[in-house]
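Worksheet for the structure shown next.
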Amino acid sequence: MRAKEIGAFVESLSLGLGQEEGFRFGEPDTEVTGVLVCWMATVDAIRTAADGGCNMVLCHEELTFPYEFRDASAIRYLWWRPNARRLALLGEHRMAVYRAHGMLDRYCILDDFGRSLGLPEPAVSEGYIRIYELEPITVRELAEQVKQHTGLPCVRVTGDLDQVVRRVGAPWGGLGLSLNTSFMQSLLAHDPDAFIAGETDDYGMRFAIDAGIPMIETSHATSENPGLEHFARDLKQQFPDLKVLFYANPPPWTTV
């Protein structure tokens with residue numbers, strides 16, 4: 001099986017290839033020995049693929065830094081240390097890398113975030129908007145439930161821990177970040193009492209605080225790993241003879 005056949009399968013699951021998606025490294029005609037599915041093709045993920053006998057990585061996030069660059073002088077960034085280390089490993093093991101971003105968001109990642117948290121079916125499901133209705137619960141209690149479902153030892157929370165929550169908005173992935181405050185604003189139109197987010201930052205937190213909306217952060221990868229694991233299972237079902245591994249990118253931080 002060739003790498004481009006796997007890419008074609010991904011494209012068949014959604015509306016087709018977005019401009020930020022497709023092959024990022026290697027040859028589409030590569031004969032595939034195995035595929036590792038992951039959130040980001042980090043050094044550890046690439047090493048896991050190589051150790052597992054996989055010569056293709058199917059990732060959700062961009063392969064190199066800055067997050068996205070499309071200008072003619074983009075090559076000047078390839079010497080940045082994270083990029084150089086990733087690309088050297090990929091070249092050493094002759095791997096192909098395919099990025100599936102919006103396609104997998106639409107296919108399963110968004111809705112699998114809510115399911116992984118034990119939330120009910122959404123009361124509002126419009127585009128990327130998901131609003132969930134809960135029995136009354138405090139933010140503190142909801143944060144404990146999030147920890148239990150994700151396996152995280154702790155979560156960051158902004159706002160009043162004793163505020164009662166009946167409606168939750170879900171800015172999954174990076175939609176709790178400052179550059180995506182317009183998305184959080186669109187959630188506010190549906191009157192949530194709290195957000196459960198993937199990744200947020202100082203500006204994003206202050207947006208939520210001044211909107212009067214407590215926000216629980218899980219991390220970008222944690223919020224999207226369940227959907228990627230779902231996709232890895234579906235990939236294996238589609239190609240039963242193909243070796244498919246799933247690598248759960250852990251949160252990039254620890255606590256002391």
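Those residues that are loosely packed, with under 14 Cβ neighbours inside 10 Å and farther than 21 Å from ARG130 by Cα, I need them from region 157-181; list them, please. Hits for region 157-181 are LEU161, ASP162. Selection of region 97-129 for residues being surrounded by 20 or more Cβ atoms within 10 Å (Cβ to Cβ) and assigned to a strand (DSSP E or B) yields VAL97, TYR98, ARG99. With the structure loaded, tell me whether SER186 is at pLDDT 95 or above, out of contact with any Pro (no Cβ under 7 Å at 6 or more places or on another chain) and closer than 27 Å to MET40 by Cβ or whether it fails that test. So SER186 fits the description; yes. Quick one: is TYR67 touching a His at 6+ places or on another chain (Cβ under 9 Å), surrounded by fewer than 21 Cβ atoms within 10 Å (Cβ to Cβ), under 21 Å from ASN249 (Cβ atoms) and hydroxyl-bearing (Ser, Thr, Tyr)? Judged against the criteria, TYR67 is not a match.
Of all residue pairs spaced 6 or more apart or on separate chains, those with beta-carbon atoms under 8 Å, a first member in region 165-180 that is over 16 Å from ILE209 (Cα atoms) and a second member that is polar (S, T, N, Q) and modelled with pLDDT of 95 or more are TRP172/SER223; GLY173/SER223; GLY174/ASN180.
The values are calculated or read from the model by the stated rules, or taken from the named source; none is laboratory data. Computed from a prediction, not measured in an experiment: that's the story for all the values here. Virtual Cβ from ideal backbone geometry, glycine too; neighbours counted across all protein chains shown.
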